[in-house]
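**Q** I have a structure I would like to understand better, so I am pasting it below and will then ask my questions one at a time.
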Amino acid sequence: MSVWMRVAVAIALCAGLAACGGGGGGGGGGESAPPPLTATVSVNGSTATPGTDGQYAVKPGDAVEIVPSQAADWTGSGSDPAVTLRSATTTPTRWTARILNAKPQTLTYTASAKASANASLTRDIVLKIAPGDARNGEYRVYATSGLQLKLRLDFDIHAYDMISGDGTTLSDEFSAVADEP
């Protein structure tokens, strides 16, 4: 067989192997495992890393953002009803919320992502929320007209709700006076 004939046979053999998925490995032609679902967690705009327990430490009022490695559907649950979310939004590519903890002990919240394209791929992100400010809560206040109102204060996120007897709510934010001790 001439040199040119050997080159032609080698080229044909390589083309044939490429058409059927290569020549290495066992089984050939099988589907590869899907990439895992991962997530990047940011707290107040900075990338966060989990503790040794795999949980992300946050303080009440922190803004948390979770970005999955692929489009996902979201669910979530807190370890106690005292864990609440404020300004929560979810899209297939992002989960964001301010985390609140109304109890004097550490609580958790789990944000669960399930890949939209492959429901078998899931990822749980556990947030460990420090105790809330002890001053947080609902207070009774009285207007000069004698009306009794509810004042709900949240010192963790510097926000308040003033609630009238008929349920009308006025919400706003507050800040400390800089020259007060």
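Bear in mind these aren't lab numbers, they're just calculated from the coordinates by the rules spelled out. Note that the structure is predicted; figures quoted are calculated from it, not measured. FYI the Cβ positions are ideal-geometry reconstructions off the backbone, even for glycines, and counts take in every protein chain you see.
**Q** Which residues in region 55-81 place their backbone N less than 16 Å from a point set 7 Å from the Cα of Ala119 along the Cα-to-Cβ direction?
**A** Hits in region 55-81 for Ala119 at 16 Å: 72-75.
**Q** Here is a follow-up. On a 22 Å Cα-Cα criterion, which of the cross-link pairs Lys59/Lys103; Lys128/Lys150; Lys59/Lys114 come out too long?
**A** Lys128/Lys150; Lys59/Lys114
**Q** Please report the net charge: other residues with Cβ closer than 11 Å to the Cβ of Val141, K and R +1, D and E -1.
**A** Numbers: positive: Arg140, Lys150, Arg152; negative: Glu138.
Net charge around Val141: +2.
**Q** May I pose another question? Per 0.36 nm of contour for each residue apart, how much would the distance between Asp166 and Asp179 grow if the chain were fully extended, relative to their Cα-Cα spacing? Before the final figure, lay out each step's value.
**A** On the way: separation 13, 0.36 × 13 = 4.68 nm, distance 3.72 nm.
Full extension of this stretch gives 1.0 nm more.
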